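Here it is, the structure, as structure tokens.
The values are calculated or read from the model by the stated rules, or taken from the named source; none is laboratory data. In this text, all values refer to a predicted model and were calculated from it rather than measured experimentally. Using ideal geometry, Cβ is built from the backbone for each residue, glycine included, and neighbour counts are taken over all protein chains shown. Surface accessibility is based on the protein's heavy atoms, side chains included, excluding ligands, DNA and RNA. Shrake-Rupley method; radii C 1.70, N 1.55, O 1.52, S 1.80 Å.
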Amino acid sequence: MARVTFSNVKKRYAGERQDTIENFNLEAESGQFLVLVGPSGCGKSTLLRMLAGLEDATEGDILIDGKRVNDVSSKDRNIAMVFQNYALYPHMSVFENIAFGLRLRKLPKAEIQERVVRAARILDIEPFLSKQPRQLSGGQRQRVALGRAIVREPEVFLMDEPLSNLDAKLRVQMREEIGKLYRKLGRTFIYVTHDQIEAMTMGTKIVVMRSGKILQADTPENIYNRPANMFVASFIGSPPINFVHGRIKGDEAKVIFDTRRYGLHIPAEKAGILLDKGYMNKQVVLGVRAEDIVCKASAFAEDEFIGMQYKSTVEMKELLGSDTYLYLHNKEHRLVARVSPRIRFEEGQEVHVGLEGESLLFFDSGTEELLC
Ligand SMILES: Nc1ncnc2c1ncn2[C@@H]1O[C@H](COP(=O)(O)OP(=O)(O)OP(=O)(O)O)[C@@H](O)[C@H]1O
Ligand SMILES: [Mg+2]
């Protein structure tokens with residue numbers, strides 16, 4: 001089992017004026033499934049390549065189980081990496097592709113045979129061992145690439161968007177395969193993805209990055225329910241979280257989120273925190289997830305709803321089968337709500353909108369940090 005540590009790691013590519021990775025500190029505990037997410041170019045692949053020894057760190061220490069590996073060669077790091085484009089050898093059979101790393105390490109023939117067949121069974125590609133990569137589908141090729149990683153029995157698996165070339169159905173299947181593999185092997189996985197469902201379902205810890213820095217490293221639940229700032233809140237979640245700008249007003253007895261057009265009563269607990277933090281009369285941003293918006297044709301009863309409510313018009317609706325998205329418009333702002341497809345609203349219809357008090361998020365409008 002292996003713990004992976006980045007300590008004050010910096011990366012500046014030769015000839016570049018800016019750091020791609022800035023003072024990066026992160027620990028992946030032994031046996032953890034750590035997922036890296038962030039916009040294109042934020043440095044995810046750079047981090048994996050430095051860990052795998054394919055790229056030098058400009059400064060700082062990369063540790064595996066507390067041992068500095070900056071100067072250890074890639075092949076001696078006990079790490080296997082799976083790339084987005086599979087990187088298979090086209091003229092070798094599937095068997096030879098999987099066996100390649102073991103042959104380099106001069107393992108006995110019988111052991112190579114045994115390991116390759118065992119990996120092929122796990123991945124359900126035994127019938128293809130004598131074929132060439134071009135004779136396989138994308139999903140099968142991706143499994144060969146995984147096979148090549150598994151046979152090396154590494155302490156750490158690095159995967160850089162391994163499923164992004166696959167169609168939606170295969171992705172779901174391979175997601176399950178990798179999840180099973182992780183549970184079976186109990187090794188440390190570091191996984192890069194653009195896919196939020198992969199991040200949320202596979203990760204034991206998610207690291208959200210922007211411009212070479214960590215914005216939040218936390219459990220999937222906390223990343224979703226307690227995002228550290230507006231960027232994290234909007235990066236994770238589909239449809240994206242709604243933001244509404246307003247000001248905190250009122251008095252101790254009744255605290256209002258005032259958008260100028262609407263004054264929404266803030267539930268007591270959140271109101272208390274906002275006042276304690278000195279936000280009376282200050283500008284804030286309200287974050288509301290699509291599933292926390294309740295829509296009704298008639299007004300909510302006084303005691304039916306603890307939260308905030310106002311009226312809005314259904315500008316557009318999207319039927320997704322399992323859910324319906326309602327685009328609600330009220331002259332001042334637009335919100336997207338996710339509702340049950342059994343609730344039927346027409347476009348142009350006026351609806352009563354309720355915002356769940358418990359799940360409302362308030363952010364500082366300047367720093368964009370989460371307040372409560
Ligand atoms: N060999 C290189 N030389 C110079 N700059 C590089 C090199 N490789 C990457 N970069 C730059 O470093 C930054 C981070 O690149 P990286 O590939 O790590 O991003 P990423 O987060 O993996 O993006 P994506 O999601 O698009 O794969 C980018 O601005 C990129 O242009
Ligand atoms: Mg990348």
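Yes/no matrix, rows are residues, columns are (1) in a loop (DSSP other than H, G, I, E, B); (2) hydroxyl-bearing (Ser, Thr, Tyr):
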residue	(1), (2)
Tyr310	no, yes
Thr313	no, yes
Ser322	yes, yes
Glu332	yes, no
Leu335	no, no
Arg338	no, no
Arg342	yes, no
Val351	no, no
Gly366	yes, no
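While we're looking at this one, here's another question. Considering only segment 178-189, how many residues are assigned to a helix (DSSP H, G or I) and open to solvent by 50 Å² or more (accessible area, probe 1.4 Å)?
Restricting attention to segment 178-189, the residues satisfying the condition of being assigned to a helix (DSSP H, G or I) are 178-185.
Checking the rest, the ones that are also open to solvent by 50 Å² or more (accessible area, probe 1.4 Å) come to 180, 183-185.
Summing the residues that are assigned to a helix (DSSP H, G or I) and open to solvent by 50 Å² or more (accessible area, probe 1.4 Å) in segment 178-189 gives 4.
Let me ask you something else. If Ala301 satisfies every condition in (1) free of Cβ contacts under 8 Å to residues at least 12 places away in the same chain; (2) aliphatic (A, V, I, L, M); (3) not in a loop (DSSP other than H, G, I, E, B) but one, which is the exception?
(3)
Follow-up. Does Thr5 satisfy the criteria of being open to solvent by less than 30 Å² (accessible area, probe 1.4 Å) and either within 13 Å of ligand 2 (Cβ to nearest atom) or within 14 Å of Val207 (Cα to Cα) (or both)?
Yes, satisfied.
Separate question: Taking Asp323 as meeting all but one of (1) in contact with a Pro (Cβ under 8 Å, 6 or more places away or on another chain); (2) surrounded by fewer than 15 Cβ atoms within 10 Å (Cβ to Cβ); (3) among the acidic types (Asp, Glu), write down the number of the exception.
(2)
Whether any residue in segment 217-228 is assigned to a helix (DSSP H, G or I), within 16 Å of Leu34 (Cα to Cα), out of contact with any strand residue (DSSP E or B) (no Cβ under 9 Å at 6 or more places or on another chain) and acidic (Asp, Glu) is what I want to check.
yes
Go through segment 32-73 residue by residue and tally those that are of a type outside the set (A, V, I, L, M, F, W, C) and within 21 Å of the chain's Cα centre (by Cα).
Residues that pass the stated criteria total 10.
Sort out which residues of segment 1-57 are among the hydroxyl-bearing types (Ser, Thr, Tyr) and either at positive phi or more than 12 Å from ligand 1 (Cβ to nearest atom) (or both), and write them in order of number.
Thr5, Ser7, Ser30
Next question. Return the residues of segment 91-108 that are part of a loop (DSSP other than H, G, I, E, B) and either within 32 Å of the chain's Cα centre (by Cα) or among the small types (Gly, Ala, Ser) (or both); say none if nothing qualifies.
Ser93
Could we say that Arg77 is under 18 Å from Arg187 (Cβ atoms), more than 16 Å from ligand 2 (Cβ to nearest atom), in contact with a Ser or Thr (Cβ under 6 Å, 6 or more places away or on another chain) and not acidic (Asp, Glu) here?
no
Consider Leu163 carefully, then state whether it is closer than 30 Å to Gln18 by Cβ and outside any helix (DSSP H, G or I).
Values: closer than 30 Å to Gln18 by Cβ: no; outside any helix (DSSP H, G or I): yes.
Criteria not met by Leu163.
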